[in-house]
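To start, the structure under review is shown below, and the notes come after it.
Here, each number is a calculation from the coordinates, and none is a lab measurement. Small disclaimer: the values here were computed from a predicted structure and weren't measured. Every residue, glycine as well, gets a Cβ built from its backbone with ideal geometry; the counts of neighbours run over all protein chains shown.
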Amino acid sequence: MRVQLGTIALVLTVLALSAGGCKTGAVGSVDAGPFMFKATGAPNGCFIESVRFHDEFYANSRSREGWMRLLHWGIKEDYTVTPGHAVAVFDWRGKLAIYDINGGVIPIAVDPALKMDLTEVGPPVFRRYPRFETTGAEYMIDVHRRQRPGLTIPRDFPKAPKYHPLLRAAKALARHRPVQVYRFAYTSDGREVESAAVAFAFDGQLCIYVAEKGTMVNSGLLARVDNERIIRTRLERAFGEGSNVRLIPSRG
């Protein structure tokens, strides 16, 4: 379900939630609000941590009857990759609050009766990130869970420490939805760099997380995490022309 701010019609969206707003800070883990929550430490992880908070909110017996939405923004009409951010907005004990990876649980001074109105909810949230454009701001909620949860990962996936936060995030997301981890390589400054991506479904949309860029939310596409052609195409668009993205096949 999508509730938008403004009149921008977004059919095919590529949004990278990164460049400052998604920096993983020390406050990503919280013990306030409806439950204990510990962030995975994944770089540029604002969207995936907000998704995880959303999942825990609806799974927790203390909060599952409450109201929660994921709010993200920073989309441009030409679908270019721009700095954006994501938070979880929720109604807790008759008051509105957000979970922000950069601040934990933060109350916002908005009447809960207006919680679906982004012209009311948006401004106190957006003011935390004055450098970011608010175009394309929208609510999301995961009401399209038609596929069985689970994690698919290459058997020969590297054990390097740089991948540990990504794997923690993938395992946490996979408790509630299908998740597939990919190895890939891209060209940067004339040399090939190996990396990894996490593909998952949220709100019926295909989402692709990479540590370097954050999360790309791809509207208008079937949320198939096993579509290698789409995954590679989206990664190449994120890393730019000449990145020569290629998926690394598993040897196991």
**OP:** Just subtract the alpha-carbon distance of Ala59 and Arg251 from 0.36 nm times their residue separation and send over the number in nm, one decimal.
**Re:** 65.5 nm
Original post:
In nanometres, what is the gap between the two model label sites at Glu228 and Lys162, each 7 Å from Cα along Cα-to-Cβ?
Top reply: 2.3
Original post:
Rounded to the nearest 20 Debye, what is the dipole magnitude of the stretch 136-252 about its Cα centre when Lys and Arg each give +1 and Asp and Glu each give -1 at the C-beta?
Top reply: 540
Original post:
Taking θ as phi - 60°, what are the ³J(HN,Hα) couplings along the stretch 184-201 by the Karplus curve (6.51, -1.76, 1.60), each to the nearest whole Hz, with x for Gly and Pro?
Top reply: 8, 10, 9, 9, 9, 6, x, 10, 8, 10, 8, 8, 9, 9, 10, 9, 8, 9
Original post:
Do the alpha carbons of any pairs in Lys162/Lys213; Lys171/Lys213; Lys95/Lys213 sit beyond 22 Å of each other, and which pairs?
Top reply: Lys95/Lys213
Original post:
Tell me, what is the Rg over Rh of the stretch 92-161, with Rh the Kirkwood radius over Cα pairs?
Top reply: 1.13
**OP:** Apply the Karplus parameterisation 6.51 cos²θ - 1.76 cosθ + 1.60, with θ equal to phi minus 60°, to every residue of the stretch 134-139 and state each ³J(HN,Hα) to the nearest whole Hz, in sequence, with x for glycine and proline.
**Re:** 9, 4, x, 4, 7, 8
Subject >> Unit charges on C-beta of K, R, D, E only; dipole of the stretch 78-174, Debye >> reply: 680
**OP:** Show which aspartates and glutamates lie in cross-link reach of Lys159 when reach means a straight Cα distance below 20 angstrom and same-chain residues fewer than eight apart are skipped.
**Re:** Glu192, Glu194, Glu212
